[in-house]
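Report on one structure; see the data block that follows.
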């Protein structure tokens with residue numbers, strides 16, 4: 001009797017979980033915001049792993065199937081996830097949050113404190129349209145998200161203002177929105193434009209500037225192989241600080257410890273960005 005009852009209960013739990021709308025996000029920062037806003041009313045899934053840059057990710061057939069079967073697909077837009085442009089052209093379940101970004105605009109919109117709150121509100125509306133019975137829940141979550149985010153944003157502005165903001169070296173140009181919001185100097189780039197690898201002359205010039213003490217620190221990103229950066233700083237007394245724009249470090253903590261003991265959603269990712277810059281200026 002108990003065995004039959006247990007099987008019935010488990011089957012109903014599985015059915016309840018599978019009935020949740022599946023929201024598939026192209027990158028982890030979007031997935032985190034979706035999870036923060038959607039809570040337990042949705043299943044927030046991720047398309048591209050956070051260990052791979054969205055500039056380099058390549059779709060597999062299984063990925064395309066996940067896109068087709070999701071209730072809602074969220075992506076930044078063709079300026080960031082170029083690999084999705086063709087696939088999503090006729091997908092009625094897909095929403096590009098920034099479809100009209102120009103070539104001269106930074107597509108890393110989750111680095112912009114104002115845009116982050118706009119994304120949260122947009123996600124709440126999109127989820128409410130698809131699940132009206134939970135609309136109040138989604139909007140309340142978005143409001144709480146924005147309140148907590150604004151508190152940290154103000155705190156970070158005050159902490160950065162207390163530091164001398166010296167030049168630093170970044171791997172690629174993905175932080176201009178963050179820099180602009182906090183009044184930071186534009187970082188020097190190892191990789192500029194769409195080039196994946198810098199030329200030998202650029203590396204020699206950067207190494208000479210590192211030796212001359214022009215930079216407070218060098219930032220490394222876990223999405224890129226460390227060999228090039230290691231060669232650039234080899235033998236130099238320069239702090240190398242990890243900065244993770246996609247949240248891959250947070251992903252590992254969630255996987256290893258579970259969601260309840262893991263990081264605090266998107267705010268954890270954004271806080272990591274702030275702490276990385278503060279660590280650089282402390283040197």
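Of all the options 77, 183, 265, the one that moves most in a Gaussian network model of the chain with Cα springs shorter than 10 angstrom is 183.
Once both labels are positioned 7 Å from their Cα atoms along Cα-to-Cβ, the gap between residue 154 and residue 136 label points is 2.8 nm.
Quick one: if the Förster radius is 30 Å, what FRET efficiency do residue 58 and residue 162 give, using the C-beta to C-beta distance and rounding to 0.05? If you can, show how the numbers build up before the last one.
Numbers: r = 43 Å, r/R0 = 1.45.
Here the calculated transfer efficiency is 0.10.
Cut-off is 10 Å between beta-carbons; in what order do 241, 203, 42, 119 appear when sorted fewest neighbours first? Mind dumping the intermediate values first?
Numbers: 241 19, 203 15, 42 22, 119 25.
Arranged by neighbour count, lowest to highest, 241, 203, 42, 119 become 203, 241, 42, 119.
How do 214, 242 line up, fewest other C-beta atoms within 10 Å first?
Values: 214 15, 242 12.
Ranked by crowding around the Cβ, least crowded first: 242, 214.
Were the residues from residue 144 through residue 103 laid out at 0.36 nm apart, the gain over their Cα-Cα distance would be 11.4 nm.
Only the coordinates and a few stated rules stand behind these numbers; no lab work does. On a predicted model such as this, the values are computed, not experimentally measured, just so you know. Methodologically, a virtual Cβ is constructed for each residue, glycine included, from the backbone with ideal geometry; neighbour enumeration extends over all protein chains shown.
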